[in-house]
1. What's the center-to-center distance, using Cα atoms, between region 162-205 and region 1-67 in Å?
2. Could you tell me the calculated FRET efficiency between residue 280 and residue 165, based on Cβ-Cβ distance and R0 = 25 angstrom, to the nearest 0.05?
3. Can you tell me which of 195-203, 262-270 comes out highest on packing, and rank the rest after it, using the mean Cβ neighbours within 10 Å?
4. Hey, in the GNM for the chain with a 10 angstrom Cα cutoff, which one of 27, 132, 75 fluctuates hardest?
5. Return the FRET efficiency for the residue pair residue 16, residue 50: r is the Cβ-Cβ distance, R0 is 35 Å, and the value is rounded to the nearest 0.05.
6. Quick check on region 95-220: of the DSSP beta bridges with both residues there, what percent are antiparallel, nearest 5%?
7. Would you mind classifying region 240-292 by shape? Square roots of the alpha carbon gyration tensor eigenvalues, ordered a ≥ b ≥ c; an a/c under 1.5 is rounded, otherwise it is prolate if a/b is larger than b/c and oblate if not.
8. What spacing in nm lies between the two simple spin-label points modelled at residue 240 and residue 178, each 7 Å away from Cα in the Cβ direction?
Ligand SMILES: [Zn+2]
């Protein structure tokens, strides 16, 4: 059984938002179905300093300067640090477990809008970039980042663009963070739902040619492209398409015998996106990726 990581400290913030609250719901849904959840250590300041500037890390820790401490668009509170380091710790734990056991899931957000020197788009510290970097530090030869959250992972690109041995493919359905990546990284925007799954297939086929010497995949498995999601939706993208997308990623990873560490990423309950469905989609993603 692949390890699933969630730290309850994630919810210890006054910010009541899907990115701070839903991990707990997904953990409970998994536990009800017999899955064991492992509580990881929070990420350390020493690890954060490899990916973010000291000034920004201090701002999140102390709340000062306020403009920087709230650059992700949340009101800062003393538990902001507790929550985000708990989530990024789950990412680090997942990548280490994936390198050891082949697959793991962090019930944490990838926070792909966070750049090196500041936050953005509800993202404080970039768990995707941290996971990729920690994979390399632990001996990975080459890391693929598959970011299939609805929005662009410009923060991730800001951090990893100069690195060797990381390839970042970003599939978007929403315009937010429409950065232009440098080669070999790609950002592909899907305008119509009928091209969503074909584009997933095309990106994976493209990576077939690059798969040697890659050994680790960081998968940002957002559920915010769903047509009912107020933040990120693309009309016509159904819940079944998101299930199909995860199945394609999972099959591709297994076919190439790659290791995978996945995380929740976007997905925001609303009038047309009941929390039950949102949690179900995330839970099913965990069950698929973590299956023996
Ligand atoms: Zn998103």
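1. 26 Å
2. Values: r = 36 Å, r/R0 = 1.43.
Computed FRET efficiency for residue 280 and residue 165: 0.10.
3. Working: 195-203: 16.7, 262-270: 26.3.
Put in order of decreasing packing, that is 262-270, 195-203.
4. So, out of 27, 132, 75, the one fluctuating most is 75.
5. Working: r = 31 Å, r/R0 = 0.87.
Taking R0 as 35 Å, the efficiency between residue 16 and residue 50 is 0.70.
6. Numbers: 1 of 15 bridges.
Here the antiparallel bridges make up roughly 5 percent for region 95-220.
7. Numbers: a/c = 2.71, a/b = 2.33, b/c = 1.16.
Prolate shape, in that a/c is at least 1.5 and a/b is the bigger ratio.
8. 3.1 nm
We did not get these values from a lab; they are worked out from the coordinates using the rules stated. Since the structure is predicted, the reported quantities are computational estimates derived from the model, not experimental observations. Reconstructed Cβ throughout: ideal geometry from the backbone, glycine too, with neighbour counts over all protein chains shown.
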